[in-house]
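FYI, it's all coordinate maths here, none of it is from the lab. On a predicted model such as this, the values are computed, not experimentally measured, just so you know. Using ideal geometry, Cβ is built from the backbone for each residue, glycine included, and neighbour counts are taken over all protein chains shown.
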Ligand code: ADP
Ligand code: MG
């Protein structure tokens, strides 16, 4: 990660004020894809890519946002901040300010510099890291605290209600609540969670297919619609099924014939993925990495064939990993239709694994991937929380 002191110096030079510094990480989901909005389970880990936020007070009544990544500034009047999105990066921090204001926090005049090394739009949740970094920074500036789970909800609302992206709770939750060397099993129904240690000899190798499919947004929306359709049909038989979290493989066996074939496949992915995620947490907890790897592989096949949210490149990346020394499990991670694969790899073999996977993928697709050896990291935190 970039040295926060560089961001501090740039912020100071631009705004002639010494800032507070905060960080909020991106994340990788080990297992549990498209289960969050079904009120099911997910098991992400925060990673050592993050958005850094430098924040300082102003005396001119303005809220000034600066994105180091884009070299771009936006300025607003603190007392009348925008309440609609414009399709610009500023939507993410503005959304957080709007939600915090709606919760009764007064947003003071401030300068906020953001810089991040979470790859944008690659399924590692740069957007949640921007939201959580912004929220943490603003709360730090005004001297308020909000517990991590509630902070995550507020940031999710910023993305749902202001930005207009229909995401679940996972990304913001892990960015706010992650812990170093741990994955986090989250019950998206009641936000109860369990930290699950990742053995120190296991590396998280994240391989970016470099593919971003334009269908991703539409694909996400249509998958959600299919899942809801299947759920509504199952609920006619068992009214206690409010979300697919409440449904079982036995329900599908009994009434699946009433569900249109495509929705049936989507639902089968969600229901079996939920079971796999709980089983994967148990396997990780007991150090049974072989079972964890098998569950990750089954999750990928389900995501690719039943949910049809993979793509040729991601399937290739997962297939190529299978025969490489050190692999414990591989699958496409994130919302789908491109992005990154997550590979759990024995740490002492991770470098060789990454090099071989990169070469094989390049040969197979003609695309040079970006491959990162990551570690499970802490969630949002202050780097320096007192003005000098
Ligand atoms: P991801 O999977 O990375 O979350 P999204 O499309 O949800 O992809 O969010 C990416 C968007 O988040 C970017 O287009 C940009 O608007 C915003 N964003 C991410 N990182 C930064 C950053 N460091 N500074 C400003 N905006 C950012
Ligand atoms: Mg996002």
Q. Taking the Cα atoms only, what angle lies between the long axis of helix 261-285 and the longest principal axis of the chain, rounded to 10 degrees?
A. 70
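So what is the calculated 222 nm ellipticity per residue for the chain, using -39500 (n - 2.57) for each DSSP H run with n of 4 or more, over all residues, to the nearest 500 deg cm²/dmol? Write down the numbers at each step before the final one.
Numbers: 11 runs with 152 residues, N = 388.
Using -39500 (n - 2.57) per qualifying helix, the result is -12500 deg cm²/dmol.
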Q | Relative contact order (percent, whole number), the chain, Cα cutoff 8 Å, 6+ residue spacing | A | 24
Q: Mind ranking 258-271, 40-53, 231-244 by how tightly packed they are, going by the mean number of other C-beta atoms within 10 angstrom, highest first?
A: 40-53, 258-271, 231-244
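Once you have the Kirkwood Rh of the chain from its Cα pairs, apply Stokes-Einstein at 4 °C and 1.567 mPa s and quote D in µm²/s.
Answer from the Stokes-Einstein relation: 61 µm²/s.
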**Q.** Helix 4-15 axis, angle to the chain major axis (alpha carbon atoms, nearest 10°)
**A.** 40
Q) How high is the FRET efficiency from residue 2 to residue 221, r the C-beta distance, R0 45 Å, rounded to 0.05? A) 0.85
Q. At q = 0.11, 0.12 Å⁻¹, what log₁₀ I(q)/I(0) does a Debye calculation on the Cα points of segment 4-197 give, no solvent, two decimals?
A. -0.45, -0.54
**Q.** All-pairs Cα distance distribution in segment 202-374, expressed in whole percent, bin size 5 Å
**A.** 1, 9, 17, 18, 17, 14, 11, 7, 4, 2, 0
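So between residue 166 and residue 282, what do we pick up on full extension, going 0.36 nm a residue minus the alpha carbon distance?
On the way: separation 116, 0.36 × 116 = 41.76 nm, distance 2.97 nm.
Here the segment from residue 166 to residue 282 would lengthen by 38.8 nm.
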Q: On a 0 to 90° scale, report how tilted helix 312-321 is relative to the longest principal axis of the chain, with both axes built from alpha carbons and the result rounded to the nearest 10.
A: 80
Q) Between segment 223-247 and segment 132-148, what is the C-alpha centre distance in whole Å? A) 37
Q: In Å³ and rounded to a whole number, note down the convex hull volume per residue for the Cα atoms of segment 277-388.
A: 159
**Q.** Nearest-0.05 FRET efficiency for residue 237 and residue 373, computed from C-beta distance (R0 45 Å)
**A.** 0.40
Q: Could you work out how far apart the two model spin labels at residue 101 and residue 9 are, taking each label as a point 7 Å from the Cα in the direction of the beta carbon, and quote it in nm?
A: 3.5
Q | Separation of alpha-carbon centers, segment 322-348 and segment 107-128, rounded to whole Å | A | 25
